[in-house]
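One structure is given below, encoded as structure tokens.
The values are calculated or read from the model by the stated rules, or taken from the named source; none is laboratory data. Note that the structure is predicted; figures quoted are calculated from it, not measured. Positions of Cβ are backbone-derived with ideal geometry, glycine not excepted, and every protein chain shown enters the neighbour counts. Areas reflect the complete protein model, heavy atoms only, side chains present, ligands, DNA and RNA absent. Shrake-Rupley method; radii C 1.70, N 1.55, O 1.52, S 1.80 Å.
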Amino acid sequence: DAGITQSPRYKITETGRQVTLMCHQTWSHSYMFWYRQDLGHGLRLIYYSAAADITDKGEVPDGYVVSRSKTENFPLTLESATRSQTSVYFCASSVDITDYNSPLHFGNGTRLTVT
Amino acid sequence: AQSVTQLDSQVPVFEEAPVELRCNYSSSVSVYLFWYVQYPNQGLQLLLKYLSGSTLVESINGFEAEFNKSQTSFHLRKPSVHISDTAEYFCAVSTTGYKLSFGAGTTVTVRA
């Protein structure tokens, strides 16, 4: 099905472990984003990518790594998970959000718990 | 850098009553403004956006928002809410056209 898919939907991991959250979109959108959602903070941008092999830091990048070898995939890796990284993670994609017909599309999120 | 402040974290409202969700932003340059809605256990969906032109924008399900440059606000309103409008609402601003900054969100709970 066309759209943006995140996996896994739920993940429990232990402090210090490496974990990768996957994001796949079928539209060939140029831009992709990773946000984390925490109570009282709304959504905060972790990393974004303007195209394959082009990534940049957002507001809260520490402790995270991203890659974008293919346009359709944008995985997010927590190199050594900490309890403060317990959150709901959203991936999003867009062509150009100033285009009325091109809003930012969100996946359904990954709920990550670090114990 | 820009920032977004949503002035109410929780808004309880009765069915068929009006609702207003307040959003203020700060930016030294021109902005694009958005409202997104998040239903339980789902991702965010675009509700409406202001890019340019008319300062009053409307959504297909009865919401409207007005861009007020002098007050740096983009408040969201609906004259009569339904139970199905129960959700979390996020105001967002962009100066780049592709990267958004979100407010902390307002939870709207509609009661019968």
Exercise. Using the Karplus equation 6.51 cos²θ - 1.76 cosθ + 1.60 (θ = phi - 60°), what ³J(HN,Hα) coupling, rounded to whole Hz, does each residue of segment B:56-61 give in order, writing x for Gly and Pro?
Worked result: 9, 10, 10, 9, 6, 10
Exercise. B:Gly105's amide H: which non-local residues (gap 5+, or another chain) put their own amide H closer than 5 Å, with H modeled 1.01 Å from N in plane and none for Pro or chain starts?
Worked result: B:Gln6, B:Cys91
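With charges only on Cβ, +1 for K and R and -1 for D and E, what is the dipole size of segment A:9-115 about its Cα centre, in debye, rounded to 20? Please report the intermediate quantities before stating the final value.
Working: 10 positive and 10 negative charges, 85 e Å.
Around 400 debye, computed over segment A:9-115.
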Exercise. Can you list the residues, at least 5 places off or on another chain, whose amide H is less than 5 Å from the amide H of B:Val81, using H built in the peptide plane?
Worked result: B:Glu16, B:Ala17
Exercise. Over chain B, what is the relative contact order in whole percent, taking alpha-carbon pairs under 8 Å and six or more residues apart?
Worked result: 38
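What FRET efficiency comes out for the pair A:Ala52/B:Leu56, r = Cβ-Cβ distance, R0 = 41 Å, nearest 0.05?
0.55
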Problem set entry | Cα-Cα over 25 Å, subset of B:Lys49/B:Lys78; A:Lys70/B:Lys49; B:Lys69/B:Lys99 | A:Lys70/B:Lys49
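For the protein assembly as shown, with only Lys/Arg (+1) and Asp/Glu (-1) charged at the beta-carbon, what is the dipole magnitude about the Cα centre, in debye rounded to 20?
Dipole size: approximately 440 debye.
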For this session: Determine how large the accessible area of B:Asp8 is when every protein chain is in place; take a 1.4 Å probe and give Å² rounded to the nearest 10.
Result: 40
Seminar exercise, completed: Compactness check, segment B:60-112: C-alpha Rg relative to the 2.2 N^0.38 Å globular estimate gives 1.31
For this session: In Å and from the alpha-carbon atoms only, list the Rg and Dmax of segment A:1-90.
Result: 12.8, 35
Exercise. Label B:Glu66 and B:Ser28 with points 7 Å out from Cα along Cα→Cβ: what is the distance between them in nm?
Worked result: 3.0
Exercise. What does the charge add up to near A:Pro8, with Lys and Arg as +1, Asp and Glu as -1, over the other residues with Cβ less than 15 Å from its Cβ?
Worked result: +4
For this session: Determine ³J(HN,Hα), in whole Hz, for all residues of segment B:66-80 in sequence, where each value follows from phi through the Karplus function 6.51 cos²θ - 1.76 cosθ + 1.60 and θ = phi - 60°; x replaces Gly and Pro.
Result: 10, 7, 10, 5, 5, 9, 6, 10, 8, 6, 9, 9, 9, x, 8
For this session: Could you order B:Lys69, B:Lys99, A:Lys57, B:Lys78 so the one with the most accessible surface comes first? Probe is 1.4 Å.
Result: B:Lys69, A:Lys57, B:Lys99, B:Lys78
Exercise. Pick from B:Asn41, B:Asn61, B:Asn24: which residue has the top mean-square fluctuation in a GNM of chain B where Cα pairs under 10 Å get a spring?
Worked result: B:Asn41
Exercise. Looking at the square roots a ≥ b ≥ c of the eigenvalues of the Cα gyration tensor of the protein assembly as shown, which shape do they give, rounded for a/c under 1.5, prolate if a/b is larger than b/c, or oblate?
Worked result: prolate
Exercise. Once the whole set of protein chains is in place, how much accessible area is left on B:Thr107, using a 1.4 Å probe, in Å² to the nearest 10?
Worked result: 40
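So, with +1 on the Cβ of K and R and -1 on the Cβ of D and E, and no other charges, what is the size of the charge dipole of chain B about its Cα centre, to the nearest 20 debye?
Using Cβ point charges on Lys, Arg, Asp and Glu, chain B gives about 340 debye.
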For this session: Taking the dipole about the Cα centre of chain A, with the C-beta of Lys and Arg at +1 and of Asp and Glu at -1, give me whichever of A:Leu112, A:Ser67, A:Ser7 is farthest to the positive side.
Result: A:Leu112
For this session: Please tell me the relative contact order of chain A in percent, rounded to the nearest whole number, where contacts are Cα pairs under 8 Å and at least six residues apart.
Result: 34
Seminar exercise, completed: So, over other residues within a Cβ distance under 12 Å of A:Val66, counting Lys, Arg +1 and Asp, Glu -1, the net charge is -1
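Accessible area, 1.4 Å probe, largest first: how do B:Ile60, A:Ile12 sort?
So the residues, ranked largest to smallest area, are B:Ile60, A:Ile12.
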Exercise. Could you state the principal axis extents of the C-alpha atoms in chain B, from the largest down, to the nearest angstrom?
Worked result: 43, 28, 23
Exercise. When the Cα centres of segment A:1-58 and segment B:32-72 are compared, how far apart do they sit, in Å?
Worked result: 23
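With a sphere of radius 15 Å drawn around the Cβ of A:Asp53, what net charge do the other residues whose Cβ falls strictly inside it have (Lys, Arg +1; Asp, Glu -1)?
Neighbour charge sum, excluding A:Asp53 itself: 0.
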